[in-house]
1. Of the cross-linked pairs Lys283/Lys519; Lys283/Lys661; Lys347/Lys507; Lys223/Lys339; Lys339/Lys507; Lys165/Lys200, which ones have a Cα-Cα span greater than 29 Å in the structure shown?
2. Amide H of Leu331: which non-local residues (sequence gap of 5 or more, or other chain) have their own amide H closer than 5 Å, using H built in the peptide plane?
3. Using the Karplus curve 6.51 cos²θ - 1.76 cosθ + 1.60 with θ = phi - 60°, what ³J(HN,Hα) values do you get for each residue of region 31-46, in whole Hz, with x for Gly and Pro?
4. Percent relative contact order of region 238-428, based on C-alpha pairs within less than 8 angstrom and at least six residues apart?
5. How far is it, in nm, from the label point at Gln47 to the one at Val67 when both lie 7 Å from their Cα along the line to the Cβ?
6. So how strong a dipole does the chain carry about its Cα centre when Lys and Arg Cβ are +1 and Asp and Glu Cβ are -1, to the nearest 20 debye?
7. Could you state, as a whole-number percent, how many of the C-alpha pairs of region 47-142 are farther apart than 20 Å?
8. Could you tally the net charge around Gly86, taking each other residue with its Cβ under 14 Å from the Cβ of Gly86, Lys/Arg +1 and Asp/Glu -1?
Amino acid sequence: MSVDPNERISLLKGVGPRLESTLAKLGIFCYSDLLLHLPNRYQDRTQIVPLNQVEAGSECLIEGEIVDASVQFGRRRTLKVTVDDGTGKVHLSFFHFSKFQQKHLEKTPYIRAYGEFRAYAQQLSCVHPEYETFSAEPDSFVPTLLPIYPTTAGLGQARLRNLLKTLCNLHWPDIAGTPFTALRFLHQPPAGASLSDIAKVQERIAFDELTAYYLVMQGRALKRQQETALILPQAGGLGRTLLTNLGFQLTGAQVRVVREVLLDLQQPVPMLRLVQGDVGSGKTIIAAFAAIRAAELNCQTALMAPTELLAEQHYLNFSQWLNPLGISVLLLTGQLTAKEQRERLEKIKNGDAHVIIGTHALFQEKVVFHQLALSIIDEQHRFGVHQRMTLQHKSGAQHRPHQLVMTATPIPRTLTMALYTDMDVSTIDELPRGRQPIKTHTVQSAKRAQVVERVRRILEQGQQAYWVCTLIEESTEIDAVAAVQTHTALASALTEFRIGLLHGRMKSDEKVAVMQAFKTKELDLLVATTVVEVGVDVPNATHMIIENGERLGLAQLHQLRGRVGRGQLASHCFLIFNKGLSGAAKVRLNAMRDSQDGFYLAEQDLKIRGPGDILGTRQAGEQGFRIADLNTHAHLMPRVVEKGELLLSAEAGSSNASQMKNLLQTWAPTDAGSLSV
Ligand code: ADP
Ligand code: MG
């Protein structure tokens, strides 16, 4: 009899209460959870690598004769074993070793070892390899691909592998349309299997997983279509007034996207539209036209930005655009005094504010909207998907708010298909007229002084510049220190100018004040960390200097560079790098120098780094694919869509329906109910 995939994991041989709770941390509660807990990589032990072909940085299996084993007294006491196979030599090093181990390695003639080899002082060496020894020349050897699993404290690889062995030896039905044999192949690659065989099987399974994901997204889209939203027809003609007041002409692309958005707002179903457009393409104004529609019916709009800086900037822009039309704009951030906050919350609740702009603060329980008709999320990639859903539930009425989502991260088309199947997408593929291209230069750090001189010249001409310090991504602390030091150095080099400092360790009202001073030209030069990355708009700033540019990904570099080139003056970006660039870093910097096209750069980023980095780890992680990797499997999407549509089609028949149900139950159990099958 076959096993029941839903059997509790505690019933598996070898799983006691302690292991059960460890497995729970990995999200493993039943048999099928464990079966779907797939290796994230493999150790290739399928061949013995000749010692002259061992590459630095690679993990491999080697064997040979031990020609020397002795304890060395350097900085650390080390047992150093030298292995020779006739083609070359490598070293194996042990910092922790027993007397017995030492004696044994001194007299045993042959060794086979697995580990990662690194180059130290021109020699390849592996620290603490796994090994076995032989008294005669080693012969028999079972080629294996050893699976390595994601795991957690208290559960080692060997134990996990054993558990899976027990599990795979049970009699499994073909679960969920994904053949058991394919899953078993990944857990226990048969003798003779290669990494490319593994990749093929992974692709087969990724196809199922992506299909399930597609079905879930389509399910959400269907559900949305059954919900009602407030119809926001053209009413007071205030949009027209804004258009004449603007002082510039919308680009053709902006006109098209505004039309698409306004058409959606006239429908009784909630809009869910993604507006993507390169940095500086003018997305903000699109949001303003949408907000006007809501305000004309006396309904509210919530606009959420990922940083206080950006929220503040939007507040200033929207006030300038909308106040003359009699539309009130309100800012709600985390930095207000208790009294201010109370007053503003009151205004929101009473409907005295039409457009409410803020950060995460908009999510607080105590924010009660009054006829929320539209929610807008700027720089959506900075937020998680979950948060998008939360705001959606806060309409305070039986209507669902329309949703507009804006992003400057141009997402390659294949990824859009995969990630945003539940959204409509508008693209602003045109920059406002008169924009000068940004010329990008890569400069070695040795020539930093020349860049400083260059900055001096343009400041003298009344232009402004950003100087961005990045040491280590994700470490706001260290970046802040770097920014403070650079600020001091530049202040003493450029004494005649006013130089501001902006970093993540500052209080948010300080940050806003500095940014404001830069915008009103009370500051000439702004030394900052990557906090200036998103959205900040100061058209008079023409130079962007980025230190340690090699440390950043293309998407982030492109965002930073997009802070300049916003006015009529020619702009420049200097990427200062340190000597000894890695190959990938060179490719990135050259791509930046040669292209200003966000979509092209996104495609390059995808190739170099994978989608996790493009979309921000938060978002990529949230998709939570078990096996599908959008980097390697995005090309499956057209076929996935075809298959998904077939399964959903009316004439699907019962066999398709049950296949669909199975796919969903396996790959998206929490969402399985969202499609009526
Ligand atoms: P992003 O798409 O990066 O959010 P913004 O909305 O911040 O871009 O717009 C960048 C700048 O360009 C702003 O100063 C904005 O007022 C201006 N802008 C927007 N549309 C146009 C246009 N059609 N012509 C001229 N300037 C424009
Ligand atoms: Mg913007």
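The values are calculated or read from the model by the stated rules, or taken from the named source; none is laboratory data. Since this is a predicted model, take the numbers as computed values, not measurements. Positions of Cβ are backbone-derived with ideal geometry, glycine not excepted, and every protein chain shown enters the neighbour counts. Protein only, heavy atoms only, side chains kept; ligands, DNA and RNA dropped before computing areas. Shrake-Rupley method; radii C 1.70, N 1.55, O 1.52, S 1.80 Å.
1. On the way: Lys283/Lys519 20 Å; Lys283/Lys661 40 Å; Lys347/Lys507 26 Å; Lys223/Lys339 41 Å; Lys339/Lys507 19 Å; Lys165/Lys200 22 Å.
Checking Cα-Cα distances, Lys283/Lys661; Lys223/Lys339 exceed 29 Å.
2. Ile357
3. Values per residue, Gly and Pro as x: 4, 5, 4, 5, 4, 8, 7, 9, x, 9, 6, 9, 8, 8, 10, 8 Hz.
4. Value for region 238-428: 31 percent.
5. 2.4 nm
6. On the way: 71 positive and 67 negative charges, 207 e Å.
I would put it at about 1000 debye.
7. Values: 1338 of 4560 pairs.
Counting pairs separated by more than 20 Å, the tail of P(r) holds 29 percent.
8. Values: positive: Lys89; negative: Glu63, Glu65, Asp84, Asp85, Glu137.
Around Gly86, the charge tally is -4.
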